[in-house]
Amino acid sequence: MKSATFHIGLFTLCILLSLTACARNKKYQSKAEKAQKLGNYELATFYAIESLKLKPEYRKAQITLKESYPLAIIQRKEHLLDLQNRNDEDGQEEILAEYLALQKMSDAIKTLPPIINPESGLRLSFDAMDYSTEIAETKSRCAQNYYQKAIHQSRMDSSKSGQRLAAEYFKKAMEFIPNYLDSASRYETARQKAVTRVAILPFEDVSGFGKKHGSASELLSAMIVDKLMHTSQIMEYTDLITRDSIDQVLTEQALGASGLIEESSASSIGHLLGANTILSGNILQIAYNPPKVSSKDVSESTTIEEEDNDLKEKEIECSFIEYTLSSSIQVIVSYTLLDVSSGKILAHKNFDPSYTFNENWGKITGGDKRALKDDQLRLVNKNEVFAPSAAQMLNTVLSDLSDEIVEHVTGYLR
């Protein structure tokens, strides 16, 4: 009996899987027909292939593939011929894209199972070409094109922006052919010439608050350094000067960080640090509101039905105290980005992020809790809450603040 039940279940499962596959292959064919009508023969080809992989004998999909595949190849080759006739070195990437698309169709054709025409019993064949030679040759031309651009750029423009562009060209050449000629070493040479050396000074805390709860200025500077180090789009062309080097120069020159924002001292200190750019700032104010608890008395009533000998309506009441614990902190900071060579301010901005903690809970003082609404029940079922410490709140705000500063700085260091 168990064996019969098992076989029936297995048979049913096979039927369901078959019906699912049938539905999917018809769905693919429907999409193929729509694409074919719109003249998108390449898309029609891919959908027809997916349909035939599920049901090789599906005649509609066979016909669609037989019609669309040759037309898709013709479309690609016509566009390819047009690109080749332009004789444009900058058009090599478009030519490569055409060869890759043709190869992708051929690779898809190779995934087909044997396709038999159900009406004639004859096997249908679809030519699958190999474009690997053409792809390799075109990649070589693309790499050579970018390599020549990079050589020209590196020789003609010695500025940081010019050398950065040259480095990008060398890197692009290697995307087509890894380690193309001496692109790797030339890229590194150009990259080094394009690097901007940035000194991030400890922020001056003039608020009088931060030192009570740890060094807010040092923490903010450390957060900025850490987040810049993890910002990949700028670190390729940015070197951060170490804190030890900065401290040594500041000590030798007997200067505080705040003095470096003046044009007169920025250039000399920057040169001593070997910096191109200096980032400095001030924590102007930290406004902290310590935890405060407020309360209010709440009373709720409702009517319920109780079963005794007869159903009876009964009015019940419940009273509770709703407590609210609140605390907040706001930090006002200004930062400056200075160009060492000119002593001019590249960027200056003020930020004023804040963090507010607000939580509620309740405590029943009398009555029947069944009178309470759902949100009131949640309040009285909560335990008493405690606010984060001033240091915890300050760290949260400084983390958000460092995100904002890094985002702003990134726009100038790209």
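Might you check whether a residue that is out of contact with any helix residue (DSSP H, G or I) (no Cβ under 9 Å at 6 or more places or on another chain) and not assigned by TED's automatic domain parsing to the domain that holds residue 95 occurs anywhere in the range 202-214?
Yes, the range 202-214 contains at least one residue that is out of contact with any helix residue (DSSP H, G or I) (no Cβ under 9 Å at 6 or more places or on another chain) and not assigned by TED's automatic domain parsing to the domain that holds residue 95.
Scan the range 37-65 for residues that are of a type in the set (A, V, I, L, M, F, W, C) and under 20 Å from residue 119 (Cβ atoms) and report the count.
6
Scan the range 210-221 for residues that are assigned to a loop (DSSP other than H, G, I, E, B) and either under 18 Å from residue 409 (Cα atoms) or at pLDDT 70 or above (or both) and jot them down.
215
Scan the range 383-414 residue by residue and report those that are polar (S, T, N, Q) and farther than 30 Å from residue 191 by Cα. Walk me through it before giving the result.
So in the range 383-414, the residues polar (S, T, N, Q) come out as 383, 389, 392, 395-396, 399, 402, 410.
Correct list: 383, 389, 392, 395, 396, 399.
Just the residues that are over 29 Å from the mean Cα position of the chain (by Cα), surrounded by fewer than 18 Cβ atoms within 10 Å (Cβ to Cβ) and not in a strand (DSSP E or B), please, taken from the range 320-367.
341, 342, 343, 344
Could you check, for the range 111-124, whether at least one of its residues is of a type in the set (Gly, Ala, Ser) and assigned to a helix (DSSP H, G or I)?
no
Give the residues of the range 58-72 that are in contact with a helix residue (DSSP H, G or I) (Cβ under 7 Å, 6 or more places away or on another chain) and β-branched (Val, Ile, Thr), sorted by residue number.
64
For residues in the range 132-164 being touching a Ser or Thr at 6+ places or on another chain (Cβ under 9 Å) and surrounded by fewer than 18 Cβ atoms within 10 Å (Cβ to Cβ), which is modelled with the highest pLDDT?
Residues of the range 132-164 touching a Ser or Thr at 6+ places or on another chain (Cβ under 9 Å): 143, 146-147, 150, 154, 160, 162-163.
Checking which are surrounded by fewer than 18 Cβ atoms within 10 Å (Cβ to Cβ) leaves us with 160, 162.
Details: 160: 90, 162: 95.
Within the range 132-164, the match that is modelled with the highest pLDDT is 162.
Considering only the range 165-193, state which residues are in a loop (DSSP other than H, G, I, E, B) and buried (at least 20 other Cβ atoms within 10 Å of the Cβ).
Once the filter is applied, which keeps residues that are in a loop (DSSP other than H, G, I, E, B) and buried (at least 20 other Cβ atoms within 10 Å of the Cβ), the range 165-193 yields only 180.
Going by the conditions given, is residue 99 of a type outside the set (Lys, Arg), under 33 Å from the mean Cα position of the chain (by Cα), modelled with pLDDT of 95 or more and not assigned by TED's automatic domain parsing to the domain that holds residue 74?
For residue 99, the condition - of a type outside the set (Lys, Arg), under 33 Å from the mean Cα position of the chain (by Cα), modelled with pLDDT of 95 or more and not assigned by TED's automatic domain parsing to the domain that holds residue 74 - is not met.
One line per residue, one yes/no per condition, for (1) modelled with pLDDT under 90; (2) in a loop (DSSP other than H, G, I, E, B); (3) on the phi < 0 side of the Ramachandran plot; (4) of a type in the set (D, E, K, R):
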position: 247; (1), (2), (3), (4): yes, no, yes, yes
position: 250; (1), (2), (3), (4): yes, no, yes, no
position: 259; (1), (2), (3), (4): yes, no, yes, no
position: 272; (1), (2), (3), (4): yes, no, yes, no
position: 280; (1), (2), (3), (4): yes, no, yes, no
position: 293; (1), (2), (3), (4): no, no, yes, no
position: 296; (1), (2), (3), (4): no, no, yes, yes
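Yes/no matrix, rows are residues, columns are (1) farther than 25 Å from residue 197 by Cα; (2) touching a residue at least 60 places away in the same chain (Cβ under 8 Å):
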residue	(1), (2)
126	yes, yes
137	yes, no
143	yes, no
153	no, no
156	no, no
161	no, no
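Yes/no per residue for (1) closer than 30 Å to residue 205 by Cα; (2) in contact with a strand residue (DSSP E or B) (Cβ under 9 Å, 6 or more places away or on another chain); (3) in the same structural domain as residue 285 (by TED's automatic domain parsing):
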{"site": "369", "(1), (2), (3)": "no, yes, yes"}
{"site": "373", "(1), (2), (3)": "no, yes, yes"}
{"site": "382", "(1), (2), (3)": "no, yes, yes"}
{"site": "389", "(1), (2), (3)": "yes, no, yes"}
{"site": "395", "(1), (2), (3)": "yes, yes, yes"}
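What number of residues within the range 346-397 are without any contact (Cβ under 8 Å) to a residue 12 or more places away in the chain and farther than 24 Å from residue 219 by Cβ?
5
The values are calculated or read from the model by the stated rules, or taken from the named source; none is laboratory data. These figures come from a predicted structure and were not determined experimentally. With ideal geometry, Cβ positions are generated from the backbone for all residues, glycine too; neighbour counts draw on all protein chains shown.
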